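All of the numbers you see were taken from the coordinates with simple rules; none came from a lab. None of these values were measured; they are calculated from a predicted model. In this analysis, Cβ positions are derived from the backbone assuming ideal geometry, glycine residues included, and neighbour counts consider all displayed protein chains.
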Amino acid sequence: MKFNKTRNKVFGALFIIIVVMAFFTLPTGYYLEVPGTAEDTSQFVKVDGKHDKKKGNLLLTTVGIVSGTPYTLLKSLGNNFETIYSQQDLMGDESSEDYFKVQSYYMKSATNSAIQAAYSKADKPFTKKYLGVYVMDVMANSQFNKKLQVGDTITSINGYHFNNADQFIKYVKKQKKNAKVKIQFTRDGKKMTASGGLVKLADTKRFGLGITLTDNTEAKGNPPTKINAGNIGGPSAGLMFTLQVYSQITNKNLKAGRTIAGTGTISPDGTVGPIGGIEKKVYAASEEGATIFFAPNDPVTKEIKKYEPGYVNNYHLALRAAKKIHTKMKIVPVKNLNDAINYLEKTQSK
């Protein structure tokens, strides 16, 4: 009897240990989006082989994506700066491997756009080589499912060579819904072809290939610029990389000893676009001691309000976040690269 009691106590203790371990470590299939880091862009950018040594910082900001355990999910409840997502909400039908691969392609596209925007603003010479469109996702009902993969680059359709993603999309829009098309693409440096029909695109009346895409470009400037973002993915560092490149190729001291953070996509023409998770990025920037934070001031159109009545743009979300954490950091709205540069130049001596 004494042996059985001892054994039961041991099993009971082991069961409690297993439950506790599961509470703290067991994956749930959910993810947490949390404040990430604020990184000095100068460490990633080289102009003419040199990093920027001027005093101050231009910080890109990130969000962190972590696998949720019962403990971390419970702890996040009521936290304004941690958001729970299912894998479907966060990654769609992509595997986690494809999701992070896609983010790296978005970053490559962003850094090339940053170089173009910075050199254009500085009136410095650069060349742009258009490689095609990256395949970022393929719908399950697409006739190109299993034929195309994430990371393939489409170079032409029906022999038509395009100069940007918009031209490609417009060409596809002109096709009849029962049309068959032949696309040429590259995968791991190899040229390949695939044929298929169009499918109805979700939540629209249009027909298309059923893929998500972004531009694949290669921009080179004079003096030469290299941007290596390491493991950071996504398009949201575009604005801050542009400011870093611009300040180096013009030798303008935009930082003036200040710690400046921000976020936003960048187009080659300098337009700044909205991003996700801006509240977490405001938090990360404030923790790093930034005194200025650039937030995309994207227009809230009637069409946006129609499909998302409660939509709040990045700038106002950033203001809300700053108020919640009681930061003295100045939230500055920007619609384009000029807005950010003009603000930094006007406030250099303040």
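Report the local net charge at Y31: Lys and Arg +1, Asp and Glu -1, summed over other residues whose C-beta lies under 11 Å from its C-beta. Spelling it out: positives minus negatives among the neighbours equals -3. What is the range 160-277's relative contact order, in percent, from Cα pairs under 8 angstrom and six or more apart in sequence? Relative contact order here is 16 percent. The packing ranking of peptides 75-82, 280-287, highest mean first, is 280-287, 75-82, where packing means the average number of other beta carbon atoms within 10 angstrom of each residue. Checking the cross-link pairs K306/K335; K121/K220; K129/K174; K101/K252 against a 24 Å limit on the alpha carbon distance flags K129/K174; K101/K252 as lying beyond it. Suppose R0 equals 22 Å. What FRET efficiency, 1/(1 + (r/R0)^6) with r the Cβ-Cβ distance, do K191 and Q167 give to the nearest 0.05? About 0.60, to the nearest 0.05.
Full extension of the chain between S67 and N80 yields a length gain of 2.9 nm, computed as 0.36 nm times the residue separation minus the alpha carbon distance. Each of the peptides 191-201, 312-322 was scored by the mean count of other Cβ atoms within 10 Å over its residues; in descending order, highest first, they stand as 312-322, 191-201.
Hydrodynamic analysis of the range 133-229 uses the Kirkwood radius over alpha carbon pairs. Inserted into Stokes-Einstein at 20 °C and 1.002 mPa s, it gives a translational diffusion coefficient of 149 µm²/s.
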